[in-house]
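These notes are about the structure you will find just below.
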Amino acid sequence: MSNLELLVTGDGSHSLINRELDETYHSRHGAVQESNHVFIRQGFDLLDLPSVRILEIGFGTGLNAWLTWQAAASRKMVVQYDTLETQPLASGIWKSLNYAAEGRQVDFQRIHEAAWGTPVVLDSFFSLHKREVSLLSCVLPESTYHVVYFDAFAPNKQPEMWAQPVLAKIAQAMRPDGVFVTYCAKGQVKRDLRSSGFDVEAVPGPPGKREMIRAIKR
Ligand SMILES: C[S@@+](CC[C@H](N)C(=O)[O-])C[C@H]1O[C@@H](n2cnc3c(N)ncnc32)[C@H](O)[C@@H]1O
């Protein structure tokens, strides 16, 4: 864990830098701002269902999970949230993050303290299944997810995560019309998503980024 350092982003919220990869967990322009835009507004908010299954690639700081729990409660939607992570954070790191500094600290703590490897019901709107596995080797259920938050490190840092067969593996885990969102806007990723069974569009990105990808499973 010593390769991780705390970073204050442009909106005042924290992120982490992985020194080994020289890569941040979120946009330097604003971590909370980016997560809210890319995953909640461009992904979760598209759904109009009483109950949804979400898959996140890269649990990291837990920010996306925490924002999704809040969105689910405010829209009264029941969310089963599965998330994959190979390098869970030590408690000393997640406790230093300022996302929940004002109120809701308890919820953020409950997300991190939830057991790994089993689904945990956090309230009537939000169940969390944190899996300490690699996307590259794990087995995913078929035709299950309504939304995928693809929040891997960037393609130039971890190209294996964005390889076409990996995107095809995600596609088979999604329901028809399921929504795949990522902060990335690379042309090669768009082409590989198309050949993996998605309709792909470039939509406006968060502040500091012109575009991001949203793809709909055909
Ligand atoms: C961009 S960060 C994720 C940010 C996170 N969603 C958040 O809100 O903090 C990428 C994450 O992917 C994780 N990761 C790296 N390789 C992985 C793999 N093969 N399978 C699953 N997760 C992986 C990293 O440890 C890191 O936490």
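The values are calculated or read from the model by the stated rules, or taken from the named source; none is laboratory data. Keep in mind that what you see is a predicted model, and the values were worked out from it rather than measured. In this analysis, Cβ positions are derived from the backbone assuming ideal geometry, glycine residues included, and neighbour counts consider all displayed protein chains. Ligands, DNA and RNA are stripped out before the accessible areas are found, and what is left, the full protein with its side chains, is counted by its heavy atoms. Shrake-Rupley method; radii C 1.70, N 1.55, O 1.52, S 1.80 Å.
Annotations
- Test: residue in the range 76-92 that is farther than 30 Å from Pro176 by Cβ, of a type outside the set (D, E, K, R) and crowded, with 17+ Cβ neighbours inside 10 Å: yes
- Condition met for Val106 (over 22 Å from Leu140 (Cα atoms) and buried (at least 17 other Cβ atoms within 10 Å of the Cβ)): no
- Every condition in (1) within 12 Å of the chain's Cα centre (by Cα); (2) within 13 Å of the ligand (Cβ to nearest atom) is met by Trp69 except one, and the failing one is (1).
- Screening Thr182 against (1) without any contact (Cβ under 8 Å) to a residue 60 or more places away in the chain; (2) in contact with a strand residue (DSSP E or B) (Cβ under 7 Å, 6 or more places away or on another chain); (3) within 24 Å of Val52 (Cα to Cα); (4) surrounded by 16 or more Cβ atoms within 10 Å (Cβ to Cβ) leaves a single unmet condition, (1).
- Within the range 88-98, none of the residues are closer than 26 Å to Lys217 by Cα and within 15 Å of the ligand (Cβ to nearest atom).
- Taking the criterion of being of a type in the set (Lys, Arg) and touching a helix residue (DSSP H, G or I) at 6+ places or on another chain (Cβ under 9 Å), the residues of the range 185-212 that qualify are Lys186, Arg191, Lys209.
- So Asp151, is it touching a residue at least 40 places away in the same chain (Cβ under 8 Å) and among the acidic types (Asp, Glu): yes
- Among the residues making up the range 32-65, those that are open to solvent by 20 Å² or more (accessible area, probe 1.4 Å), outside any loop (DSSP other than H, G, I, E, B) and not charged (D, E, K, R) are Val32, Gln33, Asn36, His37, Leu46, Ser51.
- Boolean, Glu85 is within 8 Å of the ligand (Cβ to nearest atom) and either aromatic (Phe, Trp, Tyr) or under 18 Å from Val133 (Cα atoms) (or both): yes
- The single condition from (1) away from the ligand (no atom under 12 Å from the Cβ); (2) in contact (Cβ under 8 Å) with a residue 60 or more places away in the chain that His14 fails is (1).
- Residues of the range 99-142 that turn out to be in a loop (DSSP other than H, G, I, E, B), under 12 Å from Gly62 (Cα atoms) and modelled with pLDDT under 95, as a count: 2
- Verdict on Val133 being surrounded by fewer than 16 Cβ atoms within 10 Å (Cβ to Cβ), at negative phi and within 8 Å of the ligand (Cβ to nearest atom): yes
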